[in-house]
Structures are given as C-alpha cells and as structure tokens.
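Below is one structure; the comments refer to it alone.
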Amino acid sequence: MSHEAYDIVIVGAGAAGCVVASYLAEHSPLSIALIEAGGLDRDPFIHIPAGFANMLAHDRNVWKYETVPQHGTRRAYRSAKVLGGGSSINAMAYVRGQKHNYAAWQEAAATPANGRIKTCFPSSWRRKTTTPPTTNITASMVAWRSSNPRASTR
C-alpha cells in the first residue's frame, strides 16, 4: 500500500472530478490525487458510436443500482464506473450549446461578461479548437480519439 500524501483528494474521475482536478492542477501548486473506482476507458465499446447499448445490456463499466419501488417495481439504474464517468459511455454524442442558450443563462444569473458569451464558459469555447475539422464526424472522431488518448498511466 502506498503511503503518499496529497493536499487534495478528489473521489470520482467522472467529468466533474476530472474538471476540478484539471483546474486545480492548472491554477495551484497543490498535490492532487484523483481516485476512480473503475478502470481506464479502454473498453472498445466506449469508443464505438452507440457502443453504450452493449455495455448497458451486459452491465460493463457501470455500477448496478436499482431504484426504490415505483408502482411496485424496482427499475435498473446504471451509473458509469470508468475514467470519464457518464461522459465516457454516452454514445459519443457531443452536443455543443447554442450562443443564445449561454446568453440566456448569463442574463438569468445576472453576471456581467462585458458582452462576451465566451467568458461564461471558456472551456467550452476552447474545445472548439480541438475537434477534428471534417464533415465525417464519426470516422474522424474515432481517428482523432485514437491519436489523442484522454488518459495515460504512469
């Protein structure tokens, strides 16, 4: 067992845990441990569009929860157990918000952004520069992801 010490321990390497760890790593000198119960996203079905159906059908890379009885029936509730969390098993759907949605959220929150929507969600806009420039999204995303892995091990 390792006896390393960290300033911050983040439990859960889903989308939120990874974003928090990344932010802290970029903006502080703190040592950070990011812990995930699941493995790396190396299952081929994670990288195949609509592969999530196979994973859910066979309960792979998921926590097997059930709801409380609803109308006398318990229902399956699956939650991702893999690096990237639910974002890793979501059918590879990347849907970017529209500017008018961000503008409405900014207005509802009453936060001035000097008239620039980009300041509300800078990471969303940064992402634009890393998506592959092509019209064949499915084929290019597979090629792009294989040449730009999201996770590495030490």
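General observations
- The length gained on full extension between ALA37 and ASP59, counted as 0.36 nm times the residue separation minus their Cα-Cα distance, comes to 6.4 nm.
- Rolling a 1.4 Å probe across the protein heavy atoms gives the stretch 1-57 an accessible surface of 65 Å² per residue.
- These residues, ARG74, ARG42, ARG60, go from largest to smallest accessible area, 1.4 Å probe, as ARG42, ARG74, ARG60.
- Extension reserve of the SER22-ILE8 stretch, reckoned as 0.36 nm per residue once the Cα distance is removed: 3.8 nm
The values are calculated or read from the model by the stated rules, or taken from the named source; none is laboratory data. Only a predicted model underlies this, so the values are computations on that prediction, with no experimental measurement involved. Each accessible area value is taken on the protein alone, full model and side chains, heavy atoms only, with ligands, DNA and RNA left out. Shrake-Rupley method; radii C 1.70, N 1.55, O 1.52, S 1.80 Å.
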